[in-house]
Amino acid sequence: MNPLWEALTLQAGYNATLVAVGAALLGIAAGATGSFMVLRKRALVSDAMAHATLPGVGLAFMLMVALGGDGRNLVGLLTGSAVTAGIGLLGVDWLTRRTRLAEDAAIGSILSVFFGLGIVLMTIIQTMSSGRQAGLESFLLGSTAGMLLSDAITIAGGGALALGLVWLLRRPMTMVAFDAGYAQAVGVDVRRTDLAMMALVMGVTVIGLKIVGLILIVALLIIPAVTARFWTDRAEALVWIAGGVGGVAGYAGAAVSASAPDLPTGPIIVLIAAALFLVSLFFAPLRGVVAAVLRHHHFQGRVHRRQGLLSLSRAEPIHDPMTLRVLRRDGLIRADGVATDRGAAEAARAARDERRWTAARDLHQDTALIGRYDGLTAIDAVFTPDQIAAFDRHLGREGMI
Amino acid sequence: MTPADLALAAKDGTVLTPAAEAPALSIRGMTVSYAEKPAIFSVDADFAAGAMTAIVGPNGAGKSTLLKAALGVIPRLSGEVSVFGTPLETARARVAYVPQRASVDWDFPTRVIDVVLMGLYRELGLLGRVRAAHRAKAEACLARVGMSDFAARQIGQLSGGQQQRVFLARALAQEADLYLLDEPFAGVDAATEAAIIEVLKTLKDQGKSVVAVHHDLATVTRYFDRVLLLNVRKIAAGPVAQAFTPQTLAATYGGRLASAQIDQLRLGDGAGLPTGAGPEAGAGPKA
């Protein structure tokens with residue numbers, strides 16, 4: 001059987017199953033948590049944090065080896081990465097608030113300095129006798145090779161914990177993201193909410209290091225949220241849709257990477273998330289590009305049809321090729337441009353509607369109803385038959401019929 | 001009485017706090033600064049309970065800053081704030097804030113009804129479920145500002161005036177006693193301005209207190225009963241008839257307001273005040 005299919009259906013063996021389930025939970029947690037970062041417009045802070053994990057990984061390895069232990073203990077490495085990621089986060093926060101640096105500049109500074117330090121530490125570790133087989137470079141791009149049950153449990157447990165906290169804090173985090181000033185005024189502690197959000201993102205980043213890697217984890221935080229934005233206009237729904245997108249990407253990415261040796265897991269997960277994003281960008285029913293183009297085209301067609309009918313009713317020549325095409329398509333004019341019987345009837349009706357709207361504006365001071373005039377809405381969709389009859393009487397008095 | 005005299009009078013409380021009733025909002029010695037330049041400096045202000053008070057002053061005078069700092073939205077260098085005689089932190093539930101419309105991203109994924117439900121945050125807490133009663137309350141608040149038909153709209157589809165009404169509905173949902181509004185009439189259509197002032201006057205009739213940052217000098221006398229003139233420092237404060245005079249305006253705006261513009265406001269010099277100024281009308285040099 002096809003190895004990819006086996007992996008997707010959890011038949012590729014114990015280890016692959018473990019990885020796929022762990023990656024799915026990580027993806028859900030990353031998608032949901034990252035949504036708040038995106039809504040708060042601070043998505044790139046997570047990138048600085050992710051790159052700041054690298055020196056922590058190196059230092060934790062060195063410390064564990066120096067203490068005579070196995071340098072590859074995942075919990076130890078993740079703890080170390082969390083420490084430097086936290087320092088990086090506080091660094092960005094401090095630079096932004098206390099200096100004249102803007103947040104993007106602070107992010108760039110912290111990201112590059114910490115990453116540089118991390119690379120230096122990695123190089124030193126390579127020269128250590130115990131460092132050669134450490135496999136720490138897999139933290140850059142993620143790997144599922146040789147993952148242990150305890151690793152998978154750590155990742156899954158961390159992901160579930162992050163999800164629970166997101167659910168608990170969703171209300172204050174949404175309020176702060178939408179309107180921090182108002183949130184503060186009703187008593188939400190904006191600073192603590194922001195820090196909690198950052199800590200959550202840091203937690204997801206750290207547990208995602210093993211599978212996705214620190215360079216690309218930011219994509220798993222951001223892409224699901226922007227994908228979900230195409231499907232909903234509500235923050236609460238957006239968070240869970242993003243979780244779904246992240247979960248699918250994590251699961252499928254881990255399966256694909258398990259089906260072929262040497263495929264790095266992180267990039268595959270990110271590419272699958274990006275594919276979901278592209279599908280949403282083009283084909284989402286409300287906000288997708290295709291839907292928008294179709295809507296616009298349809299609207300344009302209606303405008304031209306109406307305009308053409310009004311021109312026919314006034315016996316004016318029509319030159320606009322699109323108007324002519326629409327009228328011909330609907331059988332309102334013949335090939336030579338002369339109105340058909342139906343075209344003449346509809347033109348007369350359009351002209352009558354316009355006159356009735358004029359009467360409506362004379363008679364009705366209710367702007368809510370008059371305001372529904374857009375040249376396209378049929379008048380009987382707005383006014384009742386007896387109101388329209390009143391317009392006709394008004395027009396008759398004015399001698400306009 | 002000179003503007004300085006008015007400020008002095010306000011400071012010892014005789015003008016601003018009649019009777020023993022605690023003011024709705026009391027600010028003492030508040031200074032806020034961006035970098036090294038004070039945006040507002042050592043402002044003492046009392047906003048009377050049950051009144052509608054306008055905060056008036058030129059651009060950059062610190063009007064919005066005063067509100068935001070009083071609420072803790074931005075940090076203050078110094079100053080004490082109390083609400084109905086108790087520290088703000090214990091009285092947050094009694095205060096509703098309507099921020100400037102431009103302060104949020106209107107493309108944010110949220111619907112009108114969701115924004116109004118944010119006003120129930122204190123009631124709902126972290127975990128409380130949004131029940132039918134909460135929804136009904138939010139819808140009633142939307143009805144009060146004439147926005148019932150828009151409950152399910154994404155907020156980005158609203159006009160500026162409609163956005164302002166939604167913000168007001170969110171504040172109404174809090175069922176507060178003190179309403180602080182930051183430029184509620186900025187960039188809204190005339191119908192919205194009328195609707196908002198109607199809601200605010202109803203609040204006042206119910207005994208609530210209203211404080212609004214206001215930039216349109218022409219409507220101060222019509223909309224408000226008290227005024228605080230601010231230009232980094234407090235220039236004058238009190239009932240509109242006494243504190244809103246050509247002299248105090250000139251002191252507030254300096255050369256930025258031509259005397260012809262002040263004349264257009266048709267303010268009295270003590271005589272011929274727009275509303276019955278009462279026996280204590282002492283504004284202006286004639287008095």
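The values are calculated or read from the model by the stated rules, or taken from the named source; none is laboratory data. Quantities reported herein were computed from a predicted structural model and do not represent experimental measurements. Reconstructed Cβ throughout: ideal geometry from the backbone, glycine too, with neighbour counts over all protein chains shown. Ligands, DNA and RNA are stripped out before the accessible areas are found, and what is left, the full protein with its side chains, is counted by its heavy atoms. Shrake-Rupley method; radii C 1.70, N 1.55, O 1.52, S 1.80 Å.
Numbers for the structure displayed
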quantity: Count of residues meeting criterion [open to solvent by less than 20 Å² (accessible area, probe 1.4 Å) and more than 7 Å from chain A (Cβ to nearest Cβ)] in segment B:65-80; calculated: 5
quantity: Within segment B:167-192, considering residues that are in a loop (DSSP other than H, G, I, E, B) and facing chain A (nearest Cβ under 10 Å), the one nearest to B:GLY146 (Cα to Cα); calculated: B:GLN174
quantity: Hits in segment A:1-47 - residues which are open to solvent by 50 Å² or more (accessible area, probe 1.4 Å) and either of a type in the set (Ser, Thr, Tyr) or under 14 Å from A:VAL239 (Cα atoms) (or both); calculated: A:TYR14, A:ILE28, A:ARG40
quantity: Residues that are small (Gly, Ala, Ser) and in contact with a helix residue (DSSP H, G or I) (Cβ under 7 Å, 6 or more places away or on another chain), drawn from segment B:228-249; calculated: B:ALA236, B:ALA237, B:GLY238, B:ALA243
quantity: Qualifying residue in segment A:92-105 (condition: touching a residue at least 12 places away in the same chain (Cβ under 8 Å), acidic (Asp, Glu) and more than 29 Å from A:ARG42 (Cα to Cα)); calculated: no
quantity: Residues being closer than 21 Å to A:ARG42 by Cα and either of a type in the set (Phe, Trp, Tyr) or more than 14 Å from chain B (Cβ to nearest Cβ) (or both) - total across segment A:160-193; calculated: 5
quantity: Cβ pairs under 7 Å, 6+ apart, first in segment B:92-118 and more than 9 Å from every other protein chain (Cβ to nearest Cβ) and among the hydrophobic types (A, V, I, L, M, F, W, C), second open to solvent by 10 Å² or more (accessible area, probe 1.4 Å) and part of a loop (DSSP other than H, G, I, E, B); calculated: B:VAL112/B:ALA151; B:VAL112/B:ARG153; B:ILE113/B:ALA151; B:ILE113/B:ALA152; B:LEU117/B:VAL130
quantity: Test result for B:VAL83, more than 8 Å from chain A (Cβ to nearest Cβ), in contact (Cβ under 8 Å) with a residue 24 or more places away in the chain, buried (at least 19 other Cβ atoms within 10 Å of the Cβ) and in contact with a strand residue (DSSP E or B) (Cβ under 8 Å, 6 or more places away or on another chain); calculated: yes
quantity: Verdict on A:VAL245 being in contact (Cβ under 8 Å) with a residue 12 or more places away in the chain and more than 10 Å from chain B (Cβ to nearest Cβ); calculated: yes
quantity: Test: residue in segment A:216-225 that is in contact with an Asp or Glu (Cβ under 6 Å, 6 or more places away or on another chain), assigned by TED's automatic domain parsing to the domain that holds A:HIS51 and either in contact (Cβ under 8 Å) with a residue 40 or more places away in the chain or more than 30 Å from A:GLY22 (Cα to Cα) (or both); calculated: yes
quantity: Boolean, B:PHE41 is closer than 23 Å to B:ASP177 by Cβ and more than 9 Å from every other protein chain (Cβ to nearest Cβ); calculated: no
quantity: Test: residue in segment A:72-80 that is small (Gly, Ala, Ser) and in contact (Cβ under 8 Å) with a residue 40 or more places away in the chain; calculated: no
quantity: Checking B:GLY156 against (1) open to solvent by 20 Å² or more (accessible area, probe 1.4 Å); (2) in a loop (DSSP other than H, G, I, E, B); (3) at the interface with chain A (Cβ under 9 Å from one of its Cβ atoms), the condition it does not meet; calculated: (2)
quantity: Test: residue in segment A:243-265 that is open to solvent by 30 Å² or more (accessible area, probe 1.4 Å), more than 20 Å from A:ILE155 (Cα to Cα) and in contact with a strand residue (DSSP E or B) (Cβ under 7 Å, 6 or more places away or on another chain); calculated: no
quantity: Filter result for A:HIS296 (surrounded by fewer than 13 Cβ atoms within 10 Å (Cβ to Cβ) and under 27 Å from the mean Cα position of the chain (by Cα)); calculated: yes
